[in-house]
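Every read-out reported here was derived from the displayed coordinates using simple, explicitly stated rules and does not represent laboratory data. In this text the structure is predicted, and so the values were computed from the model without any measurement. With ideal geometry, Cβ positions are generated from the backbone for all residues, glycine too; neighbour counts draw on all protein chains shown.
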Ligand code: NAD
């Protein structure tokens, strides 16, 4: 069992993930550009490093959880990148959501140095990160995944091998594109019912037991007053932001362009989220706030 883990990027997701590794007995050395996040990681039992290079010294496993492909590329590639300082048998696991092509390039560069590497983006959000119940969608060689299993098991409940390098990222954006389409469809159906005199709770119960049932309707209902403990019950605060959904829909559209795939509903979903996110206040709200695009002003 690998014991020493370097963790780079201790934000909303990486922070609780690293804390769970500590709880499971791993020695975690953390680095984040933000001193505030680094302090938090230290309070959760991680050792603090002064730089990413210092964090990976003597590490058996290097995990990154960063906001963008540019950040992940800058971390690993180039003359000052971490890969230049890494040697086998160190294992690299990037959990960030980034373009599949970026993931492929990083994993290929790692492979040139004989380093096992995986793309392992996650689904589940901050609540699952804290509870240690994330789903990992992995791309890379089978033996790399086998090596990663005990580490990922400390942070998640599900592990999928989607295929070769980059496949985890492809699975992730397929899922999130479907989620966006499903959420918008759910919101417009609920509004149509409400506009025609139905109680959204009654309509949700009927559709949930019928062929319109889906995750957004039944587990994450966007209409305020239908469910407790969802962002719709808290003015759409917390949860998965419109800004992050837009990032994932952008990645989905880039991927579709690269494979000449037809994704008309994904494109429309991206457009509707762009319209909704045109107001900067909406960009920080949970993605189920798309309901507001369909709600009529009171008295209309
Ligand atoms: P975040 O912005 O909260 O955290 C990112 C952290 O990385 C920040 O603390 C930032 O200071 C740090 N950072 C940025 N560049 C760095 C660098 N070069 N070196 C060291 N630290 C650096 O973001 P998050 O919500 O934790 O998301 C991280 C990734 O997980 C993203 O790719 C996101 O798409 C994905 N994701 C997020 C969620 C979610 O619900 N938040 C769900 C699934 C996947």
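What percent antiparallel are the DSSP beta bridges of segment 4-164, to the nearest 5?
Here the share of antiparallel DSSP bridges comes out near 10 percent.
May I ask for the distance between the Cα centers of segment 189-238 and segment 47-110, given as a whole number of Å?
Taking the Cα centre of each part, segment 189-238 and segment 47-110 sit 41 Å apart.
How high is the FRET efficiency between residue 158 and residue 126 when r is their beta carbon distance and R₀ equals 25 Å, given to the nearest 0.05?
After rounding to 0.05, the efficiency reads 0.90.
Among 223-230, 144-151, how do they line up from the highest to the lowest mean number of other beta-carbon atoms within 10 Å?
Going by the mean number of other Cβ atoms within 10 Å, highest first, we get 144-151, 223-230.
With a cut-off of 8 Å between alpha carbons and a minimum separation of six or more residues, what is the relative contact order of the chain in percent? Write down the numbers at each step before the final one.
Working: 555 pairs, mean separation 37.2, N = 300.
Computed value for the chain: 12 percent relative contact order.
Using only the Cα atoms of the chain, build the gyration tensor, take square roots of its eigenvalues as a ≥ b ≥ c, and label the shape rounded, prolate or oblate: rounded if a/c is under 1.5, else prolate if a/b is larger than b/c, else oblate.
It is prolate, given that a/c is not under 1.5 and a/b is the larger ratio.
With angles folded into 0 to 90 degrees, how steeply does helix 100-112 sit against the dominant principal axis of the chain? Use alpha carbons for both and round to 10.
10 degrees
Could you work out the relative contact order of segment 77-202? I mean the mean sequence separation of Cα pairs under 8 Å and 6+ apart, divided by the number of residues, in percent.
Contact order relative to length: 22 percent.
Have a look at the DSSP beta bridges in segment 94-205 and tell me what percent are antiparallel, nearest 5.
Details: 3 of 10 bridges.
In segment 94-205, approximately 30 percent of DSSP beta bridges are antiparallel ones.
Using Cα-Cα distances under 8 Å and only pairs 6 or more residues apart, what relative contact order does segment 170-294 have, in percent?
In percent, rounded to a whole number, it is 33.
What share of the DSSP beta bridges in the chain is antiparallel, in percent to the nearest 5?
In the chain, DSSP labels about 15 percent of beta bridges as antiparallel.
Sort the following peptides by mean Cβ neighbour count (other Cβ atoms within 10 Å, averaged over residues), highest first: 202-215, 35-48. Intermediate results must be reported in sequence, preceding the final value.
Working: 202-215: 13.9, 35-48: 16.1.
Sorting 202-215, 35-48 by mean packing, highest first, produces 35-48, 202-215.
Hey, for a label at residue 51 modelled as a point 7 Å past Cα toward Cβ, could you say which residues of segment 68-86 have their backbone N under 16 Å away?
The answer is 74-86.
For a test of the definition: using alpha carbon positions, the gyration tensor, and the 1.5 limit on a/c, classify segment 67-179 as rounded, prolate or oblate.
Because a/c hits 1.5 or more and a/b exceeds b/c, segment 67-179 counts as prolate.
Order the peptides 15-25, 265-275 from the highest to the lowest mean number of other Cβ atoms within 10 Å of their residues.
Order by mean packing, descending: 15-25, 265-275.
If you fit an axis through the alpha-carbon atoms of helix 264-276 and take the longest principal axis of the Cα set of the chain, what angle between them do you get, 0 to 90°, nearest 10?
Orientation of helix 264-276: about 80 degrees from the principal axis.
In a GNM of the chain with a 10 Å cut-off on Cα contacts, which of 261, 68, 51 has the highest mean-square fluctuation?
Looking only at 261, 68, 51, the biggest GNM fluctuation is shown by 261.
In degrees, nearest 10, range 0 to 90: what is the angle between the Cα axis of helix 167-195 and the longest Cα principal axis of the chain?
20 degrees
How much length would be gained if the chain were fully extended between residue 201 and residue 237, taking 0.36 nm per residue of separation minus their Cα-Cα distance, in nm to one decimal?
The span from residue 201 to residue 237 would gain 10.9 nm if fully extended.
For a Förster distance of 30 Å, can you work out the FRET efficiency between the beta-carbons of residue 293 and residue 142, rounded to the nearest 0.05?
Result of the calculation: an efficiency of 0.10.
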